[in-house]
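Structure first, then comments.
The values are calculated or read from the model by the stated rules, or taken from the named source; none is laboratory data. As the structure is a computational prediction, the values presented were derived from the model and not from experiment. So basically every Cβ, Gly included, is an ideal-geometry build from the backbone, and we count neighbours across all protein chains shown. All accessible areas refer to the heavy atoms of the entire protein, side chains included, with ligands and DNA or RNA removed. Shrake-Rupley method; radii C 1.70, N 1.55, O 1.52, S 1.80 Å.
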Amino acid sequence: MVLIKGAKILDGSGKRPVFTADVLLKGDKIAAIGKFPAKKADLIIEAMGLYLAPGFIDVNTDSDHHLSLFTNPGQEDFLKQGVTTIFGGMCGASLAPLIYGNLDSIRKWTDIGQVNIDWHTVAEFLKVLGRRGLGVNFGTLIGHSTIRRGIIRENSRDLTAPEIDLFRKLVKDALKEGAFGLSTGLGYAHSRQVPYSEIKELVQAVAEAGGVYATHLRDDREGLLASVEETLKLAGETGAKVLISHLKPILGFENEYRKSIELIHRAAATSDIHFDFYPFGESMIPIYTLLPTWAKIGNLEIMLSYIKNKDTRERLVKDLAHLKGDDIRVAQAIGQDYLVGKTLSDFAASQEISVPEALLKLMSLSGLRALVFYRNINTDLAFQNLERDQAFIASNGASLPPDTRTLKHERFYNTFPKFLEIVTQRKMLSWPQAIAKITSEPAKKFGLQRRGLIAEGNQADLVMLSHHHGIHVEHAFVGGELAVKDRQYQGTLAGKILKKI
């Protein structure tokens, strides 16, 4: 048993004011809430002014894309910022189901040779993951691109009727095995031309199962409004619960963003729709996404051919002339680790070439498999929408091993404390409201039972926060086990594999 004494409780509902109480944990459950001055326990924690909240839920993470669920199972970067539950399988790419047992759909994020694949179905994948153990609770969506590439490999074409039937069956089977929904990565080369009719067919199956449809939009710049309208149309026609991934105001396209937010706000009156984003000014993106639209076609090899061809290369240099080298920083470059941390301007200067030429050289050196930080977000405008009911907070990050050769962005380890600091400083939300936005509300969206609220009988996923000289996670519990103590990860693997019920 664990007894937490005298905590200032934020119960996650968003409605109840802060109150002081003791909380008793038995096993992986919250056993009682009240005053227990004489109660004995195996571990007693004196809160001494700390806030106690439900563990935070991150609805959009990349630990599966980076394979760090396997290489760093503790996932301490999440735990140390208060996150006890994460969702993967976003942006069209998941680790299951795998028709041919390969991970080509995630190769733009990581070295896919790090893990030996011994699963095909979602059920098999979740069983393997559960057997190995995780520091956080984990649930997955089904990656549209993962299945599509399994069906037609590297081809870019519409699916035939029998292929659509097979796709629908694979989606339905995966949902029955515990997947929480389906995601698309329509902004990536493999999915840009996927027809609306195909997506609707699959999202209909998701809606019938009560799952979530999450989408990386086709376009977040001049085509943003049309992309949002397409997504809202899907929500209206299928009745699916929709989550727009990392919706952010790109510099130069703020008007499109403002109009999109208003469309979402109006659509929420009749549809279950949310968007997520992180409170930082940089995107972390696969380097090939910096190519102009005409060159983002087919697979990496086809795109590389445009860089190597003299005529198309000259066109690329002209089309990339608007980029500012100081705004782009190398986060990962497999096989070219010496470049990590350098800006594009640094690289261009060292090679004595222009910024566009430097970008193309970097693309060639990395085989288009580098990741870069790109300073392209209007943070003031983004922050204005933190308080909207449709806004969720998500890191869109991964907990990477300590010896990683990938530069960690702050959003990987500080998204949720940063969010709380921003809404506190700007007086945008009360603490009960802010905590609800990262606990009970995402739990409701994904249909998580007995999570996201501090209540008797609920899961003992809890975080204890201090609010002196910033917001810090002092302690965190996963399933009743102390996973973070005095801001330090304790080496636990108490996370549960979550399945859609």
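Figures for the structure shown
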| quantity | calculated |
| --- | --- |
| From the options Gly101, Gly113, residue that is surrounded by fewer than 20 Cβ atoms within 10 Å (Cβ to Cβ) and in a helix (DSSP H, G or I) | Gly113 |
| Boolean, His190 is open to solvent by 10 Å² or more (accessible area, probe 1.4 Å), assigned to a loop (DSSP other than H, G, I, E, B) and in contact with a Cys (Cβ under 9 Å, 6 or more places away or on another chain) | no |
| Odd one out for Thr61 among (1) surrounded by 14 or more Cβ atoms within 10 Å (Cβ to Cβ); (2) among the β-branched types (Val, Ile, Thr); (3) not in a loop (DSSP other than H, G, I, E, B) | (3) |
| Residues (closer than 15 Å to Leu67 by Cα and open to solvent by 10 Å² or more (accessible area, probe 1.4 Å)) located in segment 375-399 | Asn396 |
| Subset of segment 235-260 (residues that are of a type in the set (Val, Ile, Thr) and either within 20 Å of the chain's Cα centre (by Cα) or modelled with pLDDT under 95 (or both)) | Val242, Ile244, Ile250 |
| Residue in segment 122-158 that is farthest from Ile297 (Cα to Cα), counting only those that are touching an Asp or Glu at 6+ places or on another chain (Cβ under 6 Å) and either modelled with pLDDT of 95 or more or in a loop (DSSP other than H, G, I, E, B) (or both) | Ala123 |
| Selection count where residues are open to solvent by less than 10 Å² (accessible area, probe 1.4 Å) and out of contact with any helix residue (DSSP H, G or I) (no Cβ under 8 Å at 6 or more places or on another chain), scope segment 438-464 | 9 |
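One line per residue, one yes/no per condition, for (1) buried (at least 21 other Cβ atoms within 10 Å of the Cβ); (2) without any contact (Cβ under 8 Å) to a residue 60 or more places away in the chain; (3) of a type outside the set (Lys, Arg):
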| residue | (1), (2), (3) |
| --- | --- |
| Leu202 | yes, yes, yes |
| Asp219 | no, yes, yes |
| Gly223 | no, yes, yes |
| Thr238 | yes, yes, yes |
| Lys241 | yes, no, no |
| His265 | no, no, yes |
| Ala268 | no, no, yes |
| Glu282 | no, no, yes |
| Tyr288 | yes, no, yes |
